[in-house]
1. Work out which chymotrypsin sites (Phe, Trp or Tyr not before Pro) in the chain are exposed loop sites (DSSP not H, G, I, E or B, at most 15 other Cβ within 10 Å) and give the longest gap free of them.
2. Could you give the distance between the Cα centres of region 25-72 and region 165-213, to the whole Å?
3. Scan region 247-329 for GluC sites (Glu not before Pro) in coil per DSSP, keeping those whose Cβ has at most 15 other Cβ atoms within 10 Å, and list them by number.
4. Rounded to the nearest 10 degrees, what's the angle between the helix 239-248 long axis and the longest principal axis of the chain, both from Cα atoms, 0 to 90?
5. From the cross-link list Lys45/Lys66; Lys45/Lys95; Lys44/Lys67; Lys73/Lys152; Lys67/Lys95; Lys73/Lys256, which pairs have alpha carbons spaced over 29 Å apart?
6. Among the GluC sites (Glu not before Pro) in region 109-153, which ones are in a DSSP loop with at most 12 other Cβ atoms within 10 Å of the Cβ? Mind listing them?
7. In a Gaussian network model over the chain where Cα atoms closer than 10 Å are linked, find which of Arg157, Arg342, Arg212 has the largest mean-square fluctuation.
8. Taking all pairs of different Cα atoms in region 25-84, averaging 1/r and flipping that mean, what Kirkwood radius in angstroms comes out?
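Any read-out appearing in this document is the output of simple, stated calculations on the displayed coordinates, not a laboratory observation. Quantities reported herein were computed from a predicted structural model and do not represent experimental measurements. Note that we place each Cβ from the backbone using ideal geometry, even for glycine, and neighbour counts take in every protein chain shown.
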Amino acid sequence: MSDYQKELEELIAIVAQEGASDLHLSVDAHPTIRVAGSLIPVVKKPKLTADQTLGLALAVLNEANKKIFLATKEIDFSFSPDANIRFRGNAFFQKGTVSLALRLIPRQIKTIEDLNLPAKLKDFTEKKQGFFLVVGPMGQGKSTTLAAMIEKINQERAEHILTIEDPVEYLFTNARSIVDQREIRFDTQDFRVGLRSMFRQDVNVGMIGEMRDPDTISTAVTAAETGHLIFSTLHTNSASQTIDRIIDSFPANQQKQIRVQLAGSLLGIFSQRLVPRISGGLIPAYELLITNSAIENLIREGRTAEIDVVLETSAEEGMVTLNASLAELVKRGEITVEDAYRYSLDPRSLERLL
């Protein structure tokens with residue numbers, strides 16, 4: 001075992017011990033972990049040198065990934081140091097030296113209840129076809145929520161589930177379903193190619209790690225229209241912004257068609273944030289949009305600015321605004337009022353709810 005692998009094992013043990021979500025390795029800084037959203041330097045470890053960060057990066061990359069990394073100067077990857085632990089990572093160069101960001105992926109896939117997510121999400125796992133999106137900024141638990149939903153289908157329905165990811169994150173074990181997981185570059189060329197192949201693979205449920213371009217979005221929407229249940233993610237802040245982002249990614253002459261397709265296939269959008277919990281750890285605050293005839297019409301007619309009004313007035317249908325979710329967490333004593341305001345996208349409206 002090289003010194004770098006031994007060092008890596010020690011750092012991974014610290015991540016597990018401290019209940020950290022991330023590990024950062026950068027030149028001239030102590031190895032640093034993120035616990036409940038806050039960065040904490042591991043001061044018992046010395047600051048890292050350029051040789052050490054390069055050595056640690058090469059210790060976690062397989063041969064194929066090493067070549068890509070050294071040629072392109074950055075790479076997404078996943079690795080499992082042992083059977084009980086798995087990481088998603090990104091290695092990159094900065095100022096000519098190497099840095100690493102590693103995110104811990106628990107082997108045990110948590111349930112919707114375990115994650116304090118709304119029971120209403122289960123409804124979407126029972127659909128036969130349509131398009132469901134989990135959105136939010138980076139590092140807010142989107143992959144974990146999607147994994148819980150996919151695992152629920154795996155446990156309860158006999159389906160062929162296909163995931164296309166970059167890299168593969170949570171590992172699924174076949175239960176009632178067959179789950180095939182394809183990693184970009186190693187198992188398929190890119191998201192678009194992987195998605196197109198899906199039509200010939202007798203797939204019932206598809207999970208696309210990220211929708212990065214109009215081609216991928218268009219193919220995903222078509223798959224949802226043609227009898228597939230499709231789940232995916234976007235880095236957007238809210239349901240209305242997500243719909244705008246999807247439509248605006250297309251040239252003007254294609255926007256009308258994608259609006260019609262999206263109106264007909266979208267099941268819902270779940271937008272989440274992880275907020276510090278008073279008792280320690282993090283708890284999700286969220287917005288849930290469920291497509292009904294009013295939402296369909298607004299998407300079709302390009303009136304996305306009015307979606308927030310429908311969200312606010314449709315609580316009896318199970319829709320939830322981010323402010324309502326934050327206010328509820330404050331009332332239950334889960335989060336502070338200050339944090340509720342910090343995470344709100346519309347603090348003035350939040351004031352009326354508190």
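1. In the chain, the maximal stretch lacking such sites is 1-185.
2. The distance from the Cα centre of region 25-72 to that of region 165-213 comes to 29 Å.
3. Here the GluC sites (Glu not before Pro) that fit, given the DSSP loop and packing criteria, are Glu301.
4. Relative to the chain, helix 239-248 is tipped by roughly 90 degrees.
5. Too far apart for the 29 Å limit: Lys44/Lys67; Lys73/Lys152; Lys73/Lys256.
6. Values: sites: Glu113, Glu126, Glu151; in loops: Glu113, Glu126.
When the GluC sites (Glu not before Pro) of region 109-153 are filtered for loop state and at most 12 Cβ neighbours within 10 Å, Glu113, Glu126 remain.
7. Arg342
8. 13.2
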